[in-house]
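Q: Take a look at this one; I'll ask things after.
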Amino acid sequence: MADQDRFCFLVEWYEEQAARIRQFLFTYYVSTKGIEMYCIKTRKTYLKTSLKDSPIELTDLYIGSTLNILGRQIVIKDYGDVYTRNRLSSKKEKTLGVVKPDAVNKAGQILDNIYRNGFQISQMKMCRLDRNEAFEFYQEHKGKPFLDALLNYVTSGPVIALELVGENAIQRWRDAIGPTDPTVARSEAPNSIRSQYGTDKTMNACHGSDSPSSSARELEFFFPSSGPTRRNTAVFQDSTCCIIKPHAVKSGVAGKVISGITDAGFDVTAIEMFHMQKANAEEFYEVYKGVVQEYNGMVAELTSGPCIALEVRAQDAAKTFREMAGPADPEIARHLRPRTLRALFGTDKVRNAVHCTDLPEDGLLEVEYFFKILGR
Ligand code: ADP
Ligand code: MG
């Protein structure tokens, strides 16, 4: 790739104070990672910077991607010129992956497999389908002899819907999950996900879209581009909140963090990926303002990319989960509590892998903040 390469996109920003959508031409300079935003309406340069603090990578640039530019959530809507379209459009593809009910207790391992296979996850949500919804999703199988068993199965518990992004993602994800029947998968594709986690022809651990048209329809089903979002599965009882921070998500360890939590005996009863606005991060961390020295850094970290919110359930959830997360400073955690999440996956006091609730009485409030207020 030539050093002077630049790519151009049409982007939108929902300006909350004014309740309006603003459109920009967005230019990305590959060598400096600098960006320029030109407001289409006012015909003025709106912003020009080289983002030293939270650099945008080339892999972040695809249609539908949400970028965090100095606390603003900017959504890429289209290519901004023919050159960019020609250079990038063949590369990135999106597909829907679903962790089906029989494999939700293995979600950590499956997510880890997904990251190791080089996919990016740009949306994630644990949902529960009723029979009508399941039938709508599987409408192509109307009249098939296995439909009834299939609908019973996919409504038997929660599923985790994933928007997977990558080169040739549709086919690569089909290859990663393997043949529909896990028995066949075990002989023909022993490393595939269905081979490792599937049970039988019906209970086969994962779903993958089979074509560009079905991936578009199926992504819209779980992650509608407008209108009401799907219900999450939070139960708001005996639970506390864990946030897998953006640096940990970016480095691909989210699956390992979730495995660590479930292996320790906690129930994960809701999961959703969020792209936090600065105002929301400030509100969420309000109690730390003026109390904790790292407050500004914490807000910057939480808005630096997608985070994953979990509702974690156990007896005495807030207290026991705090113990599992470990001391706030990963350096100290590595000395005193080397098996805790922060010791294993944290970098420093701000990038300490997970947020956990500090005060037991706040556990539920934090779960509500993510799964009732933000997840509306
Ligand atoms: P895939 O999920 O690999 O695209 P299909 O679209 O053919 O497979 O079927 C959808 C789902 O229905 C399968 O993943 C599986 O859960 C179930 N299923 C498919 N074929 C059968 C079968 N012959 N018997 C029982 N269940 C089946
Ligand atoms: Mg299919």
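The values are calculated or read from the model by the stated rules, or taken from the named source; none is laboratory data. This structure is a prediction, so every number in the text was calculated from the model and none was measured. Don't worry about glycine lacking a Cβ; one is built from the backbone with ideal geometry, like all the others, and counts go over all protein chains shown. Calculation scope for accessible area: heavy atoms of the full protein, side chains included, ligands and nucleic acids excluded. Shrake-Rupley method; radii C 1.70, N 1.55, O 1.52, S 1.80 Å.
Q: Under 1.5 on a/c is rounded, so check that first for the stretch 174-263, then, if it is not, pick prolate when a/b is larger than b/c and oblate when it is not; a ≥ b ≥ c are the square roots of the alpha carbon gyration tensor eigenvalues.
A: Here the stretch 174-263 falls in the oblate category.
Q: Moving to a separate point now. Please identify every one of the trypsin sites (Lys or Arg not before Pro) in the stretch 16-97 that sits in a loop by DSSP and has no more than 10 other beta carbons within 10 Å of its own beta carbon.
A: Lys41, Arg43, Lys52
Q: Would you mind counting up the charge near Thr45? Only other residues with Cβ under 14 Å from its Cβ, with Lys and Arg at +1 and Asp and Glu at -1.
A: +4
Q: How much net charge surrounds Arg337 when only other residues with a Cβ under 14 Å from its Cβ are counted (Lys, Arg +1; Asp, Glu -1)?
A: +1
Q: A follow-up question, please. Name the most mobile residue of Thr357, Thr84, Thr262, meaning the one with the largest mean-square fluctuation, in a Gaussian network model of the chain with Cα contacts below 10 Å.
A: Checking each option, the largest mean-square fluctuation is seen for Thr84.
Q: Then there's this: Label the chain by shape, choosing from rounded, prolate and oblate, from the square roots a ≥ b ≥ c of the eigenvalues of the Cα gyration tensor; if a/c is under 1.5 it is rounded, and otherwise prolate applies when a/b is larger than b/c, oblate when it is not.
A: Cα axes put the chain in the oblate bin.
Q: Which value, in Å², gives the accessible area per residue of the chain when a 1.4 Å probe is used on the protein heavy atoms?
A: Per residue, the chain has 48 Å² of solvent-accessible surface.
Q: For the stretch 151-199, which chymotrypsin sites (Phe, Trp or Tyr not before Pro) are in a loop by DSSP, counting at most 14 other Cβ atoms within 10 Å?
A: Answer in residue order: no site qualifies.
Q: Under 5 Å between amide H atoms, partner at least 5 residues away or on a different chain: which partners does Met124 have, H built in plane at 1.01 Å?
A: Sorted by chain and number, the residues that satisfy this are Glu163, Met273.
Q: While we're on this one: Please list the non-local residues whose amide H lies under 5 Å from the amide H of Lys94, H modeled 1.01 Å from N, same-chain partners needing a gap of 5 or more.
A: Under 5 Å from the amide H of Lys94 lies no amide H from a residue far enough along the sequence or on another chain.
Q: As a check on your grasp of the helix formula, calculate [θ] at 222 nm for the chain: sum -39500 (n - 2.57) over DSSP H runs of n ≥ 4, divide by the residue count, round to the nearest 500.
A: -8500 deg cm²/dmol
Q: When the label point is put 7 Å from the Cα of Ile332 along its Cα-to-beta-carbon vector, which residues of the stretch 343-376 have a backbone N closer than 14 Å?
A: Correct set: 343, 348-350, 352.
Q: Another question, if that's okay. Any chance you could check the Cα centroid distance between the stretch 37-104 and the stretch 273-348 for me, in angstrom?
A: Cα centroid to Cα centroid, the span is 26 Å.
Q: In debye, nearest 20, what is the charge dipole magnitude of the chain about its Cα centre with +1 on Lys and Arg Cβ and -1 on Asp and Glu Cβ, if you could check?
A: In debye, rounded to 20, the chain gives about 780.
Q: Okay, next question. Apply the Karplus parameterisation 6.51 cos²θ - 1.76 cosθ + 1.60, with θ equal to phi minus 60°, to every residue of the stretch 352-361 and state each ³J(HN,Hα) to the nearest whole Hz, in sequence, with x for glycine and proline.
A: Result, rounded to whole Hz: 9, 6, 9, 8, 10, 5, 7, 9, x, 6.
Q: Given the options Met324, Ala134, Ala270, identify the residue whose Cα lies farthest towards the positive end of the charge dipole of the chain (+1 on Cβ of Lys, Arg; -1 on Cβ of Asp, Glu).
A: Among Met324, Ala134, Ala270, the one farthest towards the positive end of the dipole of the chain is Ala134.
Q: Determine the dipole magnitude for the stretch 263-360: charges of +1 sit on the beta-carbon of Lys and Arg, -1 on that of Asp and Glu, nothing else is charged, the reference point is the Cα centre, and the result goes in debye to the nearest 20.
A: Magnitude of the dipole: close to 280 debye.
Q: In addition: Shape verdict for the stretch 297-376, please, from the Cα gyration tensor: rounded (a/c under 1.5), prolate (a/b greater than b/c) or oblate.
A: oblate
Q: Could I ask something else about it? Give, rounded to the nearest 20 debye, the magnitude of the charge dipole that the stretch 1-121 has about its Cα centre when Lys and Arg contribute +1 at Cβ and Asp and Glu contribute -1 at Cβ.
A: Dipole about the Cα centre, nearest 20: 260 debye.
Q: Same structure, new question: Once the dipole of the chain is set up with Lys and Arg at +1 and Asp and Glu at -1 on Cβ about the Cα centre, which of Phe24, Gln73, Val312 lies farthest towards its positive end?
A: After comparing all options, I get Phe24.
Q: In what sequence, largest accessible area first, do Leu302, Leu364 appear using a 1.4 Å probe?
A: Leu364, Leu302
Q: Please give me the summed charge of the neighbours of Phe135: other residues whose Cβ is under 15 Å from its Cβ, Lys and Arg +1, Asp and Glu -1.
A: Here the count lands on -1.
Q: Rank Arg194, Arg376 by accessible area, highest first, at a 1.4 Å probe radius?
A: Descending accessible area places them as Arg376, Arg194.
Q: Using a 1.4 Å probe on the protein heavy atoms, what percent of the accessible area of the chain belongs to carbon and sulfur?
A: Carbon and sulfur atoms account for 50 percent of the accessible area of the chain.
Q: Now for a separate question. For the stretch 35-102, which GluC sites (Glu not before Pro) are both in a DSSP coil and crowded by at most 12 other Cβ atoms within 10 Å?
A: Glu57
Q: Calculate one ³J(HN,Hα) per residue across the stretch 35-41 by plugging θ = phi - 60° into the Karplus curve 6.51 cos²θ - 1.76 cosθ + 1.60, and present them in order as whole Hz with x for glycine and proline.
A: Going residue by residue, I get 10, 9, 10, 10, 6, 5, 6 Hz, with x marking Gly and Pro.
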